[in-house]
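To start, the structure under review is shown below, and the notes come after it.
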Amino acid sequence: MKLTLNGIMEYYRSHFDRGVLCFIRCDDCSNVFYYPRDGCPRCGSVSLTLCESSGRGTVFSYTKVHRKGVPDAVYAIVELDEGFRLYTNIENSEPSVGSHVEVFMRETNRGKMPFFRMIKDSPDPQ
Amino acid sequence: MHSFDRQLISGHSLRIHKKFEGSAMELLGETVRSCVEDSGVKFDRIDGLITTYLPGVFDGKTYLHFFTNQLRQYLGIRARFVECLDFGGASALSMIYRATKAVAAGEADNVLCVLGGKGSEVRSRGVTVDGFDGVDPGVTLTPFDSLLRNYVDLNPVSDYALVAQRHSFLFGTEDRQRALLAVKQRKNALNNESALYRDPLTEEAVLSSPMVCDPLHMLEAVYPVDGFHTFLVSRNSPRNMDIDVLAYGEAHWHELPPELPDIVTTPASESSKRANFELSKVDCFQLYDSFTITVMLQLEDIGLTKKGGAGKLVEESDFSPSGDIPLNTGGGSLNMGQPAYMSGGVILEEAIEQLSGEASGRQVQGAKVAYVNGIGGWNRSHSVTLVIGEPR
Ligand SMILES: [Zn+2]
């Protein structure tokens, strides 16, 4: 059955509540993506499958944001082991590109949302 | 010498203030009147309008209902051709192309191209234009805001910072190479009377300016200002400049940056291919400079060097008007300021001044061809390549 945007968001929310990150896989072209659409942005197929992510990945790029009146925060793109990427914040860290990170959920004004932290015993990147 | 039936730029003007106390409409009116006067075209002969706007830049208003209507009502333009583009920094270049097409097709005789507004109105609300949803929750930035807008960012700075960081990781690009680009553009600004920043600048000063989003420093970023650029494209106006569109290309990407194969390549790689213009025939380059890294990405994407080669190119090249690669010859938006968070007008204006011999103090001798590239949109989704010069 074709996914609806509401259905996707319901799936995401219920998984976030259980601490699980999710993504979408296209059955036709194998594209994996995080930002929810009811059609594949690569091939247009509506044959899509909702999937659970391991929540583990690496830092694709990062920047420490210095803003007036707000504590410094690391804004980043993280690449999950399943191949999709998303924007996020990485907690209290001095990451490098390639650093290993894992997801955790934090309560925000939009409900539980995925944030990331460094995996402490991971090997140094490169 | 003007050949019969040519669609060319007949007038241009700009007004830039660090902070303009009056209304955006007032500043717009002043800029338009100056442009029309420059062109020699009678005001009531203007029958076309192309424009653009971003939230907040018209006196803080989020949205102007029927925007082109409001502009025409204020200015007094009875039109038969009207368009509104929203490519951010790339809009100005598309306006010129579309205006020449409209005039050539007989849709209008004199098309006014207008862009700008008041950056100060957004700044005073403590946000950037890419964070305007913080002022008005009725604004969305992407179709995915419910999964995006819960994080601390400072876009567009943080977005370009991610690119600069990754560029350094992949290619070893150094902070001092980006700083050197800022220094070289400032050198060009020293000879530009309209530049906002005209004090000599050193690499050390750039690198010791406050870090906004690492690795990007404050002096690597444009400063949003109040101002407008207007250009008039006319059929057979007596003052038509000998400036024609020689090549053109657009690229509008749909991926969010995390969804791209990599973030170090911009749509300029595609728009420049579409324009397909021989770079050795170019006399000056005006490349969009929201940040130092933005220019470096375009140096690679339009083909002046290979991907990853920009740091070295910046070190080895003379970007001055008499140099081997005259680049952002008026100092660019980094030194002119960025009117209303989109400075495609700054680079286009400089190209026109160079081609018409008006670039006093910084003239590229015998400049006949200017290569202009604009980048805009949320997280770099649009690029427009426009090559203008002596009609062939
Ligand atoms: Zn697909």
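Taking B:Arg149 as the residue in question, decide whether it is basic (Lys, Arg) and open to solvent by less than 30 Å² (accessible area, probe 1.4 Å). Judged against the criteria, B:Arg149 is not a match.
Every condition in (1) more than 13 Å from the ligand (Cβ to nearest atom); (2) loosely packed, with under 13 Cβ neighbours inside 10 Å is met by A:Val65 except one, and the failing one is (2). Kindly establish whether A:Glu52 is at pLDDT 95 or above, closer than 25 Å to A:Cys26 by Cα and within 16 Å of the ligand (Cβ to nearest atom). In short, no.
Taken as a whole, the condition of being in contact with a Pro (Cβ under 7 Å, 6 or more places away or on another chain) and open to solvent by 10 Å² or more (accessible area, probe 1.4 Å) applies to B:Arg362.
Could you grab me the full set of residues in the stretch B:23-58 that are over 21 Å from the mean Cα position of the chain (by Cα) and either outside any loop (DSSP other than H, G, I, E, B) or within 29 Å of B:Gly131 (Cβ to Cβ) (or both)?
Within the stretch B:23-58, B:Ser23, B:Glu26, B:Arg33, B:Val36, B:Glu37, B:Asp38, B:Ser39, B:Phe43, B:Asp44, B:Arg45, B:Gly48 qualify.
When the stretch A:14-30 is filtered for residues that are open to solvent by 20 Å² or more (accessible area, probe 1.4 Å) and within 10 Å of the ligand (Cβ to nearest atom), the ones remaining, listed by number, are A:Arg25, A:Asp27, A:Asp28, A:Cys29, A:Ser30. On inspection, B:Ala104 fails the criterion of being on the phi < 0 side of the Ramachandran plot and open to solvent by less than 20 Å² (accessible area, probe 1.4 Å).
Counting only strands (runs of 3 or more DSSP E) wholly contained in the stretch B:196-302, the ones carrying 3 or more residues that are at pLDDT 95 or above and more than 14 Å from every other protein chain (Cβ to nearest Cβ) occupy B:224-235, B:244-252, B:284-287.
Every listed requirement among (1) without any contact (Cβ under 8 Å) to a residue 24 or more places away in the chain; (2) within 15 Å of the ligand (Cβ to nearest atom); (3) crowded, with 20+ Cβ neighbours inside 10 Å is met by A:Ile77 save one, (2). Meeting the requirement of 1 or more residues that are within 30 Å of B:Glu316 (Cβ to Cβ), the helices (runs of 4 or more DSSP H) wholly within the stretch B:66-179 are B:91-104, B:157-171. With respect to (1) within 14 Å of chain A (Cβ to nearest Cβ); (2) in contact (Cβ under 8 Å) with a residue 12 or more places away in the chain; (3) more than 21 Å from the chain's Cα centre (by Cα), the lone exception for B:Arg176 is condition (1). Being open to solvent by 30 Å² or more (accessible area, probe 1.4 Å) and more than 16 Å from the ligand (Cβ to nearest atom) is a property that A:Tyr87 lacks.
Could you please find all residues in the stretch A:34-48 being near the ligand (Cβ under 9 Å from one of its atoms), within 14 Å of chain B (Cβ to nearest Cβ) and buried (at least 18 other Cβ atoms within 10 Å of the Cβ)? Across the stretch A:34-48, the qualifying residue is only A:Cys40.
Across the stretch B:258-282, what is the total count of residues that are surrounded by fewer than 21 Cβ atoms within 10 Å (Cβ to Cβ) and over 21 Å from the mean Cα position of the chain (by Cα)? Summing the residues that are surrounded by fewer than 21 Cβ atoms within 10 Å (Cβ to Cβ) and over 21 Å from the mean Cα position of the chain (by Cα) in the stretch B:258-282 gives 7. Scanning the stretch A:28-43 turns up at least one residue that is touching a His at 6+ places or on another chain (Cβ under 8 Å) and not in a strand (DSSP E or B).
The values are calculated or read from the model by the stated rules, or taken from the named source; none is laboratory data. What you are looking at is a predicted structure, and each value in this text was computed from that prediction instead of being measured. Glycine gets a Cβ as well: all are built from the backbone with ideal geometry, and neighbour counts include every protein chain shown. Note: areas computed on protein heavy atoms with side chains; ligands, DNA, RNA excluded. Shrake-Rupley method; radii C 1.70, N 1.55, O 1.52, S 1.80 Å.
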